[in-house]
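Chemist: Attaching a single structure in structure tokens format; questions to follow.
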Amino acid sequence: MSIQTFDDTRHLTGENGEFLGNSFAHSKTFSMATPFLTTSTTLSLSLSTHLHRLSSSLSSTCFPFKPNLHRVPRNPSLLASYGNPHLLFNHEDHHSTYKSLLSTRVLGPKSNFLQMGPSETSCSREILVKSSASDSSNTVISTLSQKVFGVLHLVVSLGIVLAMDKFLKQAFVAAAIKFPSALFGMFCIFSVLVILDTTIPAAATSLTNFFEPALMFIQRWLPLFYVPALVVLPLSVRDIPAASGLKICFIIAGGWLASLCVAGFTAIAIRKIVKTEMVDAEPMAKPSSFAPIEFWTWGGIFLASFVSAIFYPTALGTTARTCLPFLLASTVLGYMVGSGLPSAVKKVLHPIICCALSADLAAVAFGYISQSGVDAVLGDYLTKVSSNPGAGDILMGFLGSVILSFAFSMFKQRKLVKRHAAEIFISIILSSLFSLYSTALVGRLVGLEPSLTVSILPRCITVALALSIVSLFEGANSSLTAAAVVVTGLIGANFVQATLDKLRFRDPIARGIATASSAHGLGTAALSANEPEALPFCAIAYGLTGIFGSLFCSVPVIRQSLLAIVG
């Protein structure tokens with residue numbers, strides 16, 4: 001008998017002419033000589049019908065195209081199996097052959113089934129959407145967990161630093177030690193890190209990494225912690241005569257510039273004498289900028305607490321506690337706004353100045369609206385009473401932690417500290433002596449009262465140590481001492497960067513030493529906000545200037561010589 005074959009049908013024959021099967025070329029008619037071949041053809045057509053029905057079912061559900069069941073690709077091994085029943089049914093793994101044939105005839109040789117591409121099917125789209133949704137949810141969960149862990153890490157590390165500072169303060173008070181506990185803690189932490197780095201480097205690295213979130217938080221908000229003294233400055237200088245006030249301002253401004261020059265040029269000169277080659281400092285990470293949501297959050301806190309404090313002055317128990325939220329918010333907002341100013345503007349109007357002005361304006365506005373007066377509001381800003389704290393007390397509570405954090409900055413630059421030890425120590429010693437004696441001499445030359453001159457001698461030393469220094473002199477005014485230190489820091493914070501640039505102090509060592517030796521903490525905060533690589537050298541000069549100043553004034557000969565110059 002003869003039948004009509006599929007399109008593109010060709011006979012396959014062996015070397016002796018025997019029939020082996022069919023390949024597909026053009027439509028032809030051939031004779032089936034034996035019943036066996038008839039059976040083969042019948043099985044093939046039955047399989048074709050079965051596959052046609054199966055493919056039709058699949059097409060109606062998943063496939064947007066209609067497979068061509070009348071054209072089979074030229075795969076010799078598969079076609080031989082298709083045409084030869086022995087090869088088709090006597091193969092060792094006929095099930096895999098059937099699956100191969102199914103995939104070839106239904107899907108075609110280059111099927112796009114479950115592939116991402118222009119011709120992807122609705123089934124593949126559904127699977128990809130589910131997979132994408134699953135990946136997206138996993139990413140959100142992972143990001144959320146990382147943020148929660150980061151917040152917990154910050155809270156724990158910062159809490160340990162605060163607890164350490166509180167413990168040291170209590171220990172020094174109990175032992176009746178007047179030396180600042182935070183400075184002692186700073187040098188202790190630095191020593192421990194250096195010892196660990198020598199013996200167990202991995203431990204020192206792990207310890208530094210653990211406290212990194214707390215250090216970045218402190219560095220980001222560093223200027224805020226020195227602002228309260230500036231905010232309440234009008235209360236400190238109110239009782240000073242105007243003529244004496246002008247003389248004091250002249251001594252402070254001129255003395256700041258002279259001390260800065262002495263410290264910076266001495267450091268450079270010593271480096272040239274000892275022939276120490278300057279190398280780059282270790283890169284220091286800069287804090288992140290402020291996000292818009294932070295502005296809106298603090299702005300909302302300010303408005304809500306300001307209005308509530310006007311209508312309910314003692315809503316939180318005392319006026320200081322009630323005013324605390326809006327005074328704190330005004331301080332933070334002032335710093336944020338100041339930090340966003342152009343660089344050229346910040347060189348003459350530092351964010352610290354904007355911060356203090358913002359808090360003072362808020363105090364003036366509240367004092368006027370509530371008719372309580374600005375003095376009362378400023379008194380609530382910095383109460384200096386632990387049981388009734390104001391906004392300034394909260395901020396100044398971080399000062400000890402700030403000094404402790406300097407130890408980690410010094411440790412990161414330990415190689416440079418060791419390399420340039422000679423210029424660091426010599427320049428700080430000379431600058432400290434110059435500051436004390438020049439202040440005494442100029443005070444006498446301009447005719448300032450001896451008691452006022454003695455009160456401003458430690459103008460370049462941080463407040464805590466400056467107050468302990470003037471306690472060694474009789475008749476000193478501690479309030480004036482605090483005001484002189486604050487004004488010195490104010491001048492340094494506002495003009496230090498521009499002055500350093502004019503004097504061509506390029507390296508972070510000279511810039512850091514000159515800044516901290518002349519403007520202590522406020523200058524340090526101002527410079528390190530834009531030049532974090534100078535922070536370690538500011539920290540060293542900040543601490544050593546106070547230490548050497550205290551030691552010098554403790555020596556009777558030096559103290560008597562200063563009194564003789566003052567007159």
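The values are calculated or read from the model by the stated rules, or taken from the named source; none is laboratory data. The structure displayed is predicted, hence computed values, not measured ones. Cβ sites come from the backbone with ideal geometry, for glycine too, and all protein chains shown count toward neighbours. Side chains are part of the model used for accessible areas, which takes the heavy atoms of the whole protein and leaves out ligands, DNA and RNA. Shrake-Rupley method; radii C 1.70, N 1.55, O 1.52, S 1.80 Å.
Table: residues versus (1) touching a Leu at 6+ places or on another chain (Cβ under 8 Å); (2) closer than 20 Å to Arg444 by Cα; (3) open to solvent by 10 Å² or more (accessible area, probe 1.4 Å).
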{"position": "Ala519", "(1), (2), (3)": "yes, no, no"}
{"position": "Asn530", "(1), (2), (3)": "no, no, yes"}
{"position": "Ala534", "(1), (2), (3)": "yes, no, no"}
{"position": "Ala541", "(1), (2), (3)": "no, no, no"}
{"position": "Gly549", "(1), (2), (3)": "yes, no, no"}
{"position": "Cys553", "(1), (2), (3)": "yes, yes, no"}
{"position": "Pro556", "(1), (2), (3)": "no, no, yes"}
{"position": "Ala564", "(1), (2), (3)": "no, yes, yes"}
{"position": "Gly567", "(1), (2), (3)": "no, yes, yes"}
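Chemist: Follow-up. Given the criteria open to solvent by 10 Å² or more (accessible area, probe 1.4 Å), of a type in the set (D, E, K, R) and under 34 Å from the mean Cα position of the chain (by Cα), does Arg271 qualify?
Modeler: The answer is yes for Arg271.
Chemist: Looking at Val345, is it in contact (Cβ under 8 Å) with a residue 12 or more places away in the chain, within 30 Å of Lys502 (Cβ to Cβ), in a helix (DSSP H, G or I) and open to solvent by 10 Å² or more (accessible area, probe 1.4 Å)?
Modeler: Here the answer is no, as Val345 does not meet what is asked.
Chemist: Looking at Val374, Val364, can you tell me which residue is open to solvent by 60 Å² or more (accessible area, probe 1.4 Å) and in contact with a helix residue (DSSP H, G or I) (Cβ under 8 Å, 6 or more places away or on another chain)?
Modeler: Val364
Chemist: Check whether at least one residue in segment 548-558 is within 34 Å of the chain's Cα centre (by Cα), closer than 21 Å to Phe411 by Cβ and assigned to a helix (DSSP H, G or I), and report yes or no.
Modeler: Among the residues of segment 548-558, not one is within 34 Å of the chain's Cα centre (by Cα), closer than 21 Å to Phe411 by Cβ and assigned to a helix (DSSP H, G or I), which makes the answer no.
Chemist: For Ile509, state whether it is of a type in the set (A, V, I, L, M, F, W, C) and surrounded by fewer than 22 Cβ atoms within 10 Å (Cβ to Cβ).
Modeler: no
Chemist: Would you call Thr297 under 17 Å from Trp221 (Cβ atoms), touching a residue at least 40 places away in the same chain (Cβ under 8 Å) and β-branched (Val, Ile, Thr)?
Modeler: On the way: under 17 Å from Trp221 (Cβ atoms): yes; touching a residue at least 40 places away in the same chain (Cβ under 8 Å): no; β-branched (Val, Ile, Thr): yes.
Spelling it out, it is not the case that Thr297 is under 17 Å from Trp221 (Cβ atoms), touching a residue at least 40 places away in the same chain (Cβ under 8 Å) and β-branched (Val, Ile, Thr).
Chemist: From the list Ala182, Ala171, Ala214, which one is open to solvent by less than 60 Å² (accessible area, probe 1.4 Å) and within 17 Å of the chain's Cα centre (by Cα)? Lay out the reasoning, then the answer.
Modeler: On the way: Ala182 fails: within 17 Å of the chain's Cα centre (by Cα); Ala171 fails: within 17 Å of the chain's Cα centre (by Cα).
Every option except Ala214 fails the conditions.
Chemist: Could you identify the single residue in Tyr335, Tyr368 that is assigned to a helix (DSSP H, G or I) and in contact with a Cys (Cβ under 6 Å, 6 or more places away or on another chain)?
Modeler: Values: Tyr368 fails: in contact with a Cys (Cβ under 6 Å, 6 or more places away or on another chain).
That would be Tyr335, the only listed residue that is assigned to a helix (DSSP H, G or I) and in contact with a Cys (Cβ under 6 Å, 6 or more places away or on another chain).
Chemist: Mind telling me which of the residues Gly255, Gly317, Gly264, Gly299 ends up being assigned to a loop (DSSP other than H, G, I, E, B) and at pLDDT 85 or above?
Modeler: On inspection, the qualifying residue turns out to be Gly317.
Chemist: Name every residue in segment 392-417 that is within 19 Å of Ala510 (Cβ to Cβ) and of a type outside the set (Lys, Arg), in order of residue number.
Modeler: Of everything in segment 392-417, those that are within 19 Å of Ala510 (Cβ to Cβ) and of a type outside the set (Lys, Arg) turn out to be Phe406, Ser409, Met410, Gln413, Leu416, Val417.
Chemist: Okay, moving on. Residues in segment 448-462 that are open to solvent by 50 Å² or more (accessible area, probe 1.4 Å) and either under 44 Å from the mean Cα position of the chain (by Cα) or more than 30 Å from Val173 (Cβ to Cβ) (or both): how many?
Modeler: Looking only at that region, the number is 2.
Chemist: Given the conditions (1) surrounded by fewer than 18 Cβ atoms within 10 Å (Cβ to Cβ); (2) in contact with a helix residue (DSSP H, G or I) (Cβ under 8 Å, 6 or more places away or on another chain); (3) part of a helix (DSSP H, G or I), report the number of the one that Lys418 does not fulfil.
Modeler: Looking at each condition in turn, Lys418 falls short on (2).
Chemist: Something else about it: Among the residues of segment 380-398, which ones are in a helix (DSSP H, G or I) and surrounded by fewer than 20 Cβ atoms within 10 Å (Cβ to Cβ)?
Modeler: Asp393, Ile394
Chemist: Taking only pairs six or more apart or across chains, which ones have beta-carbon atoms under 8 Å, a first residue in segment 497-511 that is under 13 Å from Glu423 (Cα atoms), and a second residue that is among the β-branched types (Val, Ile, Thr)?
Modeler: Once the first residue is under 13 Å from Glu423 (Cα atoms) and sits in segment 497-511, its partners that are among the β-branched types (Val, Ile, Thr) give Ile509/Ile424; Ala510/Ile268.
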